[in-house]
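Here's the structure we're looking at; comments come further down.
Bear in mind that the values in this text are calculations on the coordinates, not laboratory data. Computed from a prediction, not measured in an experiment: that's the story for all the values here. Cβ coordinates were reconstructed from backbone atoms using ideal geometry, including for glycine residues, and neighbour counts include every protein chain displayed.
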Amino acid sequence: MGLLDLLFGGGKKKVSKETLETRGQHMPDLNIPVDEKFTIHFKKNGGKFLYCVSQDEVSVALSHIIAENSWEQEPFFAMDQRLVEKFQRENIVFTEKSKNSEVFFTTCEHLVAQNGSILVCSNQLMEKKINELPSNVIVYATTSQLVESIGEGLKIIKKKYGPKIPANITTLKHFQATEENSDDFLTYGSSTKNLYLLLLEDL
């Protein structure tokens, strides 16, 4: 599998470090699997990546994130009730008020390989802008949510929701301040976030 090859160095397919580092911002994308491409761009954006093959591994990874940041007593701000119910056994205190938390715990719509961003909408954010959220973000997603481009992700959202297409569609993209942070329309109101991605294999 491409993702495992990239994370653990297995497999025969290699993408040279030199090629990745020397490619200009406007060069055509490398012809590599979507999971590898997402991982490359996501890490380049400064995101922290934890790949899990089971829900038990997700629980372990989440506990490591909490311990690493001393968030044992920190309430997690979450707006998705299904996510709260899924993780209610993890000894996490949840809050519905962002001002009471330093951590935003959320799902997403898609993971975009083209630029390593995370596509979210009102299903995750309600009416909030990204700069109104806590500076620390933990995203729970699955490998089936990987898409090649933002356009592909938007098409799937439109097909999935039909006339009830969600509003407030935007991307989480800036996980550290860099000269390459762009001002594209999908990151309006954006700000840099310390972001962890818990990615569960479901394919």
Checklist entry - Length gain on complete extension for the stretch Ile156 to Arg82, per 0.36 nm per residue less the alpha carbon to alpha carbon distance? => result 24.5 nm
Next on the checklist: Given axes a ≥ b ≥ c from the Cα gyration tensor, I'd like to know whether the range 36-200 is rounded (a/c under 1.5), prolate (a/b larger than b/c) or oblate.
Outcome noted: rounded
Checklist entry - Which part of the range 104-121 falls in the paramagnetic zone of Glu148, meaning amide N under 17 Å from the point 7 Å along Cα-to-beta-carbon? => result 111-117
Next on the checklist: Run the numbers for Met126 and Asn69: contour at 0.36 nm per residue of separation, minus the present Cα-Cα distance, in nm.
Outcome noted: 17.9 nm
Item to check | When each of Lys43/Lys173; Lys128/Lys159; Lys159/Lys193; Lys97/Lys128; Lys48/Lys155 is checked by Cα-Cα distance, pairs over 18 Å | outcome: Lys128/Lys159; Lys159/Lys193; Lys48/Lys155
Item to check | Charge tally in the Cβ shell below 15 Å around Lys99, where Lys, Arg are +1 and Asp, Glu are -1, Lys99 excluded | outcome: -1
